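As structure tokens, the structure follows; a few thoughts come after it.
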Amino acid sequence: MEKNMDNKSCRLYGTPHCALLNQKSCESCRISGLSPQEQLMAAEDIYYMAEALPQDGLESIISSGHCALCRKKGREGEEANAASMFAQMDMGHLHPVAKIGDKLSGGYDRGTAMTIPVQLPVCESCRKKIGVKSILPLALGCLIALIGLLVSSLEPMRSALASRARILPFIVFLIFVFIGVIVESLVRRALGVKNERTINTRVKRIPALAPLLDKGWFAIGELNDGMPFVFTKKRLDSGILTGENQRELLDEIRAMGKEGIALQRTAKGEEEREKSEVKSEA
Ligand SMILES: [Zn+2]
């Protein structure tokens with residue numbers, strides 16, 4: 001990926017923190033536009049994140065070639081399907097010092113800073129089952145209501161009904177809507193039970209997420225119902241924890257500590273900045 005990191009006045013410039021953010025350019029990076037004080041705060045938050053993540057970040061989750069949603073049948077040797085796409089979901093972690101809504105002047109909310117995009121490799125079969133459950137019940141319910149509308153409003157059916165009682169067409173329509181609602185909920189429940197047998201429909205049942213859950217991460221958004229994921233063919237090519245070498249970067253960030261960047265600025269960071277300034281002047 002062509003990278004265009006040119007904001008040398010950013011406090012994160014040239015740091016492993018910047019590399020972990022894996023942005024395409026400084027222009028598209030939210031942190032690059034913050035005040036220096038906020039940038040240091042963001043760097044500190046990245047450190048908290050590094051401390052709360054598994055050793056290699058999200059890399060082993062993303063690069064496992066097997067579907068994270070296939071539920072093994074319990075008996076030996078039954079492997080999950082090979083993954084052919086990704087299910088994107090967000091996970092959050094409580095900030096160790098800030099509270100939600102702790103906004104700094106520039107609008108950088110520390111309380112919600114610890115949010116990461118988790119990309120689960122999944123197979124086509126699991127995606128289809130989740131898709132069917134989220135669309136089919138409602139579609140059936142609507143279809144039944146629509147048939148009710150046609151029956152109660154089209155001639156000669158309407159006048160045949162109305163000749164018995166003027167309100168009858170409306171009542172017939174209501175009965176169809178009622179049946180539609182019942183069918184919707186029965187089909188949804190039946191598909192839910194069916195899916196439950198073959199898919200990990202709850203976060204706690206997804207083995208790939210266990211290391212994150214153990215460290216206090218939680219899923220953002222409802223995962224039981226409907227389609228909680230956004231499915232993509234390719235993995236994300238930018239954003240925090242979407243790049244390579246996460247273990248090395250996280251180790252560096254952990255080693256630098258809470259005030260890593262602020263301290264480093266006097267040494268290596270400053271040196272590099274000067275070098276690049278000399279270069280650009282020459
Ligand atoms: Zn699967």
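The values are calculated or read from the model by the stated rules, or taken from the named source; none is laboratory data. Note that the structure is a prediction, hence the values are computed from the model and not measured. Note that we place each Cβ from the backbone using ideal geometry, even for glycine, and neighbour counts take in every protein chain shown.
For the stretch 108-161, residues that are of a type in the set (S, T, N, Q), within 26 Å of the chain's Cα centre (by Cα) and part of a helix (DSSP H, G or I) total 3.
In the list Glu184, Glu196, which residue meets the criterion of being of a type outside the set (S, T, N, Q), within 16 Å of the ligand (Cβ to nearest atom) and either surrounded by 12 or more Cβ atoms within 10 Å (Cβ to Cβ) or modelled with pLDDT of 95 or more (or both)?
Working: Glu184 fails: within 16 Å of the ligand (Cβ to nearest atom).
The unique qualifying residue is Glu196.
Selection over the stretch 24-49 of residues that are in a helix (DSSP H, G or I) and within 21 Å of Lys99 (Cβ to Cβ) gives a count of 14.
Taken residue by residue, the stretch 26-35 has at least one member that is more than 19 Å from Asp109 (Cβ to Cβ), assigned by TED's automatic domain parsing to the domain that holds Glu248 and either surrounded by 15 or more Cβ atoms within 10 Å (Cβ to Cβ) or within 16 Å of the ligand (Cβ to nearest atom) (or both). His17 passes every criterion in (1) in the same structural domain as Leu212 (by TED's automatic domain parsing); (2) modelled with pLDDT of 90 or more apart from (1).
Being among the small types (Gly, Ala, Ser), more than 16 Å from the ligand (Cβ to nearest atom) and crowded, with 17+ Cβ neighbours inside 10 Å: is that true of Ser63 here?
no
Within the stretch 117-153, can you find the residues that are in contact (Cβ under 8 Å) with a residue 40 or more places away in the chain and among the polar types (S, T, N, Q)? Spell out the reasoning first.
Looking only at the stretch 117-153, we keep the residues that are in contact (Cβ under 8 Å) with a residue 40 or more places away in the chain, and these are 117-127, 129-134, 136-138, 140-141.
Listed by number, the residues that qualify are Gln119, Ser125, Ser134.
Residues to consider are Leu154, Leu191, Leu149; find the one that is in the same structural domain as Ser134 (by TED's automatic domain parsing) and within 26 Å of Ala80 (Cβ to Cβ). Show your work before the answer.
Working: Leu154 fails: within 26 Å of Ala80 (Cβ to Cβ); Leu149 fails: within 26 Å of Ala80 (Cβ to Cβ).
Leu191 is the lone residue from the list that is in the same structural domain as Ser134 (by TED's automatic domain parsing) and within 26 Å of Ala80 (Cβ to Cβ).
Counting only residues that are in contact (Cβ under 8 Å) with a residue 12 or more places away in the chain and out of contact with any helix residue (DSSP H, G or I) (no Cβ under 7 Å at 6 or more places or on another chain), the stretch 154-169 holds 0 of them. Tell me whether the stretch 109-116 contains one or more residues that are among the basic types (Lys, Arg), surrounded by 15 or more Cβ atoms within 10 Å (Cβ to Cβ), under 28 Å from Ile240 (Cα atoms) and in contact with an Asp or Glu (Cβ under 6 Å, 6 or more places away or on another chain). Yes, some residue in the stretch 109-116 is among the basic types (Lys, Arg), surrounded by 15 or more Cβ atoms within 10 Å (Cβ to Cβ), under 28 Å from Ile240 (Cα atoms) and in contact with an Asp or Glu (Cβ under 6 Å, 6 or more places away or on another chain).
Quick one: in the stretch 199-223, which of the residues that are among the aliphatic types (A, V, I, L, M) and in contact (Cβ under 8 Å) with a residue 40 or more places away in the chain is surrounded by the fewest Cβ atoms within 10 Å (Cβ to Cβ)?
We begin by selecting, within the stretch 199-223, every residue among the aliphatic types (A, V, I, L, M); these are 199, 203, 206, 208-210, 212-213, 219-220, 223.
Cutting the leftovers down to in contact (Cβ under 8 Å) with a residue 40 or more places away in the chain gives us 199, 206, 208-209, 212, 219-220, 223.
Numbers: Ile199: 22, Ile206: 23, Ala208: 20, Leu209: 21, Leu212: 22, Ala219: 19, Ile220: 15, Leu223: 18.
Across the stretch 199-223, the extreme among qualifying residues is Ile220.
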